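Contents: one structure, followed by commentary.
The values are calculated or read from the model by the stated rules, or taken from the named source; none is laboratory data. Just so you know, these numbers come straight off a predicted model, no measurement behind them. Cβ placement follows ideal geometry from the backbone for every residue including glycine, while neighbour counts extend to all protein chains displayed. SASA here: full protein model, heavy atoms, side chains in, ligands and nucleic acids out. Shrake-Rupley method; radii C 1.70, N 1.55, O 1.52, S 1.80 Å.
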Amino acid sequence: MDRRDFLKFGGMMLGAAGTMGLPSSVRATMEQGYEAAILAEKPVYRPDGWKGARVKTLDWIGGSFDINNPQQVDLNKCDSLGSSTIVGPITRRHEIEGGFKRFDTGYYGDPAELRKKAGAQYYSPMGDALVFGARATGTEAMVDGPPRPQKLPIPDPVTMARHIKDMAMFLGADDCGIGVLPVQAVYTHQTATYEEMRNGVPRAQDKEIVNTHPFAVVLLYNQDFKTTTMASNGYDGGTFGSRRAYLYNGIMSDVLARYIRNFGYEARSHHNENYQVMVPPILIAAGMGELSRVGDCVLHPYLGYNYKAAVVTTNMPLMPDKPIEFGVQEFCRVCKKCAQLCPSKAISMETEREPYNGYLKYPLDAKACTIFRRTNPEGYGCGRCAVVCPWSSKEDSWFHYMGSYLSSMKSSALNRLIVQMDDICGYGSEVATELKSWIGFTSVGRI
Ligand code: SF4
Ligand code: SF4
């Protein structure tokens, strides 16, 4: 079947509930044709592989996962999640425990007073415009809805997983993975969304979350390193890169969730405007990266921190990926560049990880980081850790790919050398000037 025929066929399927009434022999032929069409297409999913880093796929996180009876994985029955060692009971969390939610609900003190104390705050026309767009993607009607009453035929979970990844890349994602959803990644309760707050619901509401979807599709959107480097020179470019990524993540994940529902399966998108899941464990489960020195941040093999993630949870049968490792634990042990350059000193300088909510991880002073980001008198936000991390993609070149390859060899001596090379190249201390024109408008609206 050629591409044109495939598209015609897809349109017919989407439009025809009557398909289900066809004789089974005809339906079987159509299903085979559909599967063949997906496999015949040149995959667009991650066409360049891992761009340098030596990535090892780890054993299945749940151990007993059965694709014929897919269920969420209980991390309390596992001894690790990817390269993160599990050392004690892991509990589900309330969304309000996140730093920004705590700041907004006054947990760290009166937000207005904290901002006044920090100095003048800025109004950013561009930041406001990006948020305006992103907010539209977070309403309940955009993130969720009923699945199509009758299921459309789909191919086997391996083929369908590749199709969903190809679809994600077509929508604009820079990488995509599918993980089995950890029970502990689903929030116990959600705070009010912006839509609910507009309708008078207080931010600190306790809406109980029930989500039994076994799978989580992860979409990553590149923040644009050039914009993010603004975080290095006092301004806050990180937020513009973040907000642009949140906007596109919202669009991509809402559309992908709707696409899955159109096949008759449940699917809900989760992104910055409306989360019911905690993203870092899902990133690890979906083979998107390793937990790093910066608190809960997950490093990707070539985007580093230079991305934002959205998630679509679903019960569509999809063959999930496995967690990966590429030497981050060994690299972070000797690097510490983010900790040295963090303006709020929120990142640990310790050499070894410590137990926190059941995981071994580097502690992060979330209060110090959040207050700095929410009250930064030089702009709004921060992101310097993302800029200075040697893993954050500096450039698309053989030189950077070689650096990634050597960094993933787990050699302390090599890792020290690479951090020195990173410093010598001036990475992390770039002064971005060419994008300053629109950043400059930030101060025009100083309030
Ligand atoms: S965002 Fe800024 S303040 Fe927060 S950990 Fe990173 S460098 Fe530190
Ligand atoms: S800057 Fe260094 S220590 Fe910090 S997360 Fe990146 S690799 Fe790890």
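Looking at the stretch 372-406, which of its residues are more than 16 Å from ligand 2 (Cβ to nearest atom), of a type in the set (Ser, Thr, Tyr) and open to solvent by 50 Å² or more (accessible area, probe 1.4 Å)? It would help to see each step written out before you state the result.
First pass over the stretch 372-406, keeping only residues more than 16 Å from ligand 2 (Cβ to nearest atom): 372-381, 395-399, 401-402.
Still in the list and also of a type in the set (Ser, Thr, Tyr): 375, 380, 397, 401.
380, 401 - these are the residues of the stretch 372-406 that are more than 16 Å from ligand 2 (Cβ to nearest atom), of a type in the set (Ser, Thr, Tyr) and open to solvent by 50 Å² or more (accessible area, probe 1.4 Å).
Give me the helices (runs of 4 or more DSSP H) completely within the stretch 43-139, filtered to those with at least 1 residues that are surrounded by 15 or more Cβ atoms within 10 Å (Cβ to Cβ), under 24 Å from the mean Cα position of the chain (by Cα) and touching a residue at least 40 places away in the same chain (Cβ under 8 Å), ordered by residue number. Before the answer, list the steps.
Working: elements: 99-104, 111-118, 125-135.
In the stretch 43-139, 99-104, 125-135 are the helices (runs of 4 or more DSSP H) which contain 1 or more residues that are surrounded by 15 or more Cβ atoms within 10 Å (Cβ to Cβ), under 24 Å from the mean Cα position of the chain (by Cα) and touching a residue at least 40 places away in the same chain (Cβ under 8 Å).
I'd like the residue in the stretch 350-371 that is of a type in the set (A, V, I, L, M) and within 11 Å of ligand 1 (Cβ to nearest atom) and, out of all such residues, is surrounded by the most Cβ atoms within 10 Å (Cβ to Cβ). Show your work before the answer.
Initial filter on the stretch 350-371 (of a type in the set (A, V, I, L, M)): 360, 364, 366, 368, 371.
Among the residues that remain, those that are also within 11 Å of ligand 1 (Cβ to nearest atom) are: 364, 366, 368, 371.
Numbers: 364: 21, 366: 18, 368: 17, 371: 23.
Among residues in the stretch 350-371 that are of a type in the set (A, V, I, L, M) and within 11 Å of ligand 1 (Cβ to nearest atom), the one surrounded by the most Cβ atoms within 10 Å (Cβ to Cβ) is 371.
Yes or no: the stretch 324-332 includes at least one residue that is open to solvent by 40 Å² or more (accessible area, probe 1.4 Å) and modelled with pLDDT under 95. Spell out the reasoning first.
Taking the stretch 324-332 first, the residues open to solvent by 40 Å² or more (accessible area, probe 1.4 Å) are 330.
Okay, now just the ones that are also modelled with pLDDT under 95, so none.
No, the stretch 324-332 contains no residue that is open to solvent by 40 Å² or more (accessible area, probe 1.4 Å) and modelled with pLDDT under 95.
Of the residues 339, 366, which single one is hydrophobic (A, V, I, L, M, F, W, C) and more than 15 Å from ligand 2 (Cβ to nearest atom)? Reasoning before the result, please.
Values: 339 fails: more than 15 Å from ligand 2 (Cβ to nearest atom).
Criteria check complete, one pass: 366.
Only one of 384, 374 is touching a helix residue (DSSP H, G or I) at 6+ places or on another chain (Cβ under 7 Å) and within 10 Å of ligand 1 (Cβ to nearest atom); which?
Values: 374 fails: within 10 Å of ligand 1 (Cβ to nearest atom).
One residue alone meets the criteria, 384.
Is there a residue being closer than 22 Å to residue 364 by Cβ and at pLDDT 95 or above anywhere in the stretch 313-323?
To start, the set of residues in the stretch 313-323 that are closer than 22 Å to residue 364 by Cβ comprises 323.
Subsequent filtering for residues that are at pLDDT 95 or above retains 323.
The answer is yes, given that some residue of the stretch 313-323 is closer than 22 Å to residue 364 by Cβ and at pLDDT 95 or above.
Every residue in the stretch 278-323 that is more than 16 Å from ligand 2 (Cβ to nearest atom), more than 11 Å from the chain's Cα centre (by Cα) and not in a loop (DSSP other than H, G, I, E, B), please. Spell out the reasoning first.
Looking only at the stretch 278-323, we keep the residues that are more than 16 Å from ligand 2 (Cβ to nearest atom), and these are 278-279, 281-282, 285-287, 308-323.
If we keep only those that are more than 11 Å from the chain's Cα centre (by Cα) too, we end up with 285, 287, 313-323.
The answer is 285, 313, 314.
What pairs come up if the first residue lies in the stretch 187-200 and is within 16 Å of residue 250 (Cβ to Cβ), the second is not basic (Lys, Arg), and their beta carbons are under 7 Å apart, counting only those six or more places apart or on different chains?
From the stretch 187-200, the pairs are 193/138; 193/273; 193/274; 194/138; 194/273; 195/138; 195/139; 195/140.
Just checking, which of 312, 328, 277, 298 is within 16 Å of ligand 1 (Cβ to nearest atom) and of a type in the set (A, V, I, L, M, F, W, C)? Walk me through it before giving the result.
Values: 312 fails: within 16 Å of ligand 1 (Cβ to nearest atom); 328 fails: within 16 Å of ligand 1 (Cβ to nearest atom); 277 fails: within 16 Å of ligand 1 (Cβ to nearest atom).
Only one candidate qualifies: 298.
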